[in-house]
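Each remark here refers to the structure printed beneath this line.
Nothing in this text is a laboratory measurement; each read-out follows from the coordinates by a stated rule. Since we're looking at a predicted model, the values are computed, not measured. Cβ: placed from backbone, ideal geometry, glycine included. Neighbour counts: every protein chain shown.
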Amino acid sequence: MSTVEQSRHLATAIPGPRSSELIARKNAAVSRGVGTTMPVYAARAFGGIVEDVDGNRLIDLGSGIAVTTIGNASPRVVAAVSDQAANFTHTCFMVTPYAGYVAVAESLNRLTPGSEEKRSALFNSGSEAVENAVKIARSYTGKQAVVAFDHAYHGRTNLTMALTAKSMPYKHGFGPFAPEVYRAPLSYPFRDAEFGKELATDGELAARRAITVIDKQVGAANLAAVVIEPIQGEGGFIVPAEGFLPTLLAWCRANDVVFIADEVQTGFARTGAMFACEHEGIVPDLIVTAKGIADGMPLSAVTGRAEIMDAPHVSGLGGTYGGNPVACAAALATIETIEADGLVARAAQIESLMKDTLFRLQAEDDRIGDVRGRGAMIAVELVKAGTTEPDAELTRALCAAAHQAGVIVLSCGTFGNVLRFLPPLSISDELLREALDVLELILRDL
């Protein structure tokens with residue numbers, strides 16, 4: 001198995017000649033609607049490095065948007081995928097089932113929060129799993145309405161676009177969207193501080209604000225489910241104030257509303273716990289997973305209480321590729337790697353290292369409005385100096401300069417002003433420090 005040297009190296013300007021050629025080919029062959037963040041084309045990736053077709057080695061602080069959590073081409077995954085592909089690549093679980101699907105479901109039932117009897121169902125993408133979680137909740141409750149939150153991101157299919165808050169680029173021009181979807185205010189401590197310290201720090205108070213909106217605009221009698229990311233992803237890596245999630249969950253339990261935790265971006269050791277819900281000790285009714293589940297193979301899942309998961313009629317759930325055998329083999333190897341290599345603890349180490357540097361930078365630079373996140377899911381919210389006004393222009397410039405310097409970073413947030421860090425848990429401390437040093441120099445230059 002080939003690996004990639006774990007060092008940043010710029011062999012050419014970025015983009016190099018081969019990447020430039022591929023950019024031209026992409027523009028001629030691929031729909032304009034499919035955008036790309038980086039101006040380079042990948043050739044190989046391993047650990048904390050992505051190598052492009054021109055031989056440039058870039059430090060990876062994106063993990064393919066939180067997918068390659070254990071690192072690209074992770075040895076156990078490569079071996080498992082190779083073995084499974086040599087046996088069979090597809091039979092359709094709904095036609096000729098296979099053990100891998102059952103084993104992944106068993107692992108998810110064991111790993112997800114809560115000790116009650118659970119069931120799982122496997123799908124392909126995060127969006128597809130969120131849609132199925134809503135279907136399951138509607139089947140179980142006999143109700144139709146669904147509540148999502150400000151700044152939420154749940155996917156790009158019709159129903160998940162309705163659940164997603166941000167119009168551009170996710171929703172603009174693509175409606176009409178699925179009905180019976182409503183929105184409630186999230187706990188966003190940095191922004192809530194504008195309305196008073198109590199709201200910013202008291203999660204229970206922020207939850208009561210949301211519950212009032214839900215009660216008045218929807219009504220518990222009509223509400224099948226509340227869908228929430230325990231830490232918001234595309235919305236800006238927003239960590240709700242302590243107490244927000246437990247208060248919301250308690251209200252759902254008291255009102256026959258299914259609490260769906262969308263852990264697509266936060267799951268599988270990313271936040272320094274196997275699942276982000278664990279940080280506040282909450283047990284969702286349904287938990288949606290994808291991204292980090294199979295180290296890059298397309299797989300997603302809904303896991304939850306047996307009586308809820310078993311509510312849909314037989315053959316009401318499924319899909320041609322759902323729980324593909326090669327993806328299932330990758331998932332089992334990914335879970336084995338997380339547990340055997342202590343990657344939950346590694347995520348906590350990465351948090352400590354990154355926050356030490358970022359808090360120091362924040363103390364020196366008043367354009368850094370907020371540093372937040374958990375584990376290897378950390379964000380910096382950039383603002384105009386001395387204010388809380390979002391600075392999307394600075395964020396764009398910082399990202400572009402980082403890309404030119406050989407560091408893969410992503411932005412996010414409703415206002416486009418959040419720099420997010422999602423390094424693979426296999427990255428070395430040395431590469432992480434070097435990437436942060438590069439960003440510090442760029443920030444000073446800007």
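Could you put VAL371, VAL302 in order, starting from the residue whose Cβ has the fewest other Cβ atoms within 10 Å?
Result, fewest neighbours first: VAL371, VAL302.
May I ask what percent, to the nearest 5, of DSSP beta bridges between residues of segment 77-340 are antiparallel?
40
Only counting other Cβ atoms within 10 Å, I'd like ASP445, ASP262, ASP391, ASP310 sorted with the fewest neighbours first.
Numbers: ASP445 9, ASP262 31, ASP391 20, ASP310 15.
Ordered from fewest to most neighbouring Cβ atoms within 10 Å, ASP445, ASP262, ASP391, ASP310 come out as ASP445, ASP310, ASP391, ASP262.
How big is the antiparallel share of DSSP beta bridges in the chain, given as a percent to the nearest 5?
Working: 33 of 49 bridges.
Counting DSSP beta bridges with both partners in the chain, the antiparallel share is about 65 percent.
If you stretched the chain out fully between ASP256 and LEU22, how much longer would it get, using 0.36 nm times the residue separation minus the C-alpha to C-alpha distance?
Full-extension gain reported as 79.0 nm.
Given the alpha-carbon gyration tensor of segment 77-340, what are the semi-axes of its equivalent ellipsoid in whole angstrom, ordered largest first, with each equal to the square root of 5 times an eigenvalue?
Working through the eigenvalues yields semi-axes of 31, 20, 17 Å.
Could you check which residue among PHE268, PHE93, PHE174 shows the biggest mean-square fluctuation in a GNM of the chain with a 10 Å Cα cutoff?
Highest fluctuation among the options: PHE174.
Note down the magnitude of the dipole of the chain about its Cα centre, charges +1 on Lys and Arg C-beta and -1 on Asp and Glu C-beta and zero elsewhere, to the nearest 20 debye.
On the way: 38 positive and 51 negative charges, 218 e Å.
Using only the charged Cβ atoms, the result is roughly 1040 debye.
Report P(r) for the chain: all Cα-Cα distances, bin width 20 Å, range 0 to the bin holding the largest distance, values in whole percent.
25, 59, 16, 0
Could you give the nm distance between label points at VAL30 and ARG110, where each point is 7 Å from its Cα heading toward the beta carbon?
Roughly 3.8 nm, to one decimal.
With helices defined as uninterrupted DSSP H runs, which ones in the chain have an alpha carbon span along their own long axis of at least 15 Å and mean Kyte-Doolittle hydropathy of at least 0.0?
Qualifying helices: 75-87, 99-111, 244-254, 325-340, 343-364, 392-404, 429-445.
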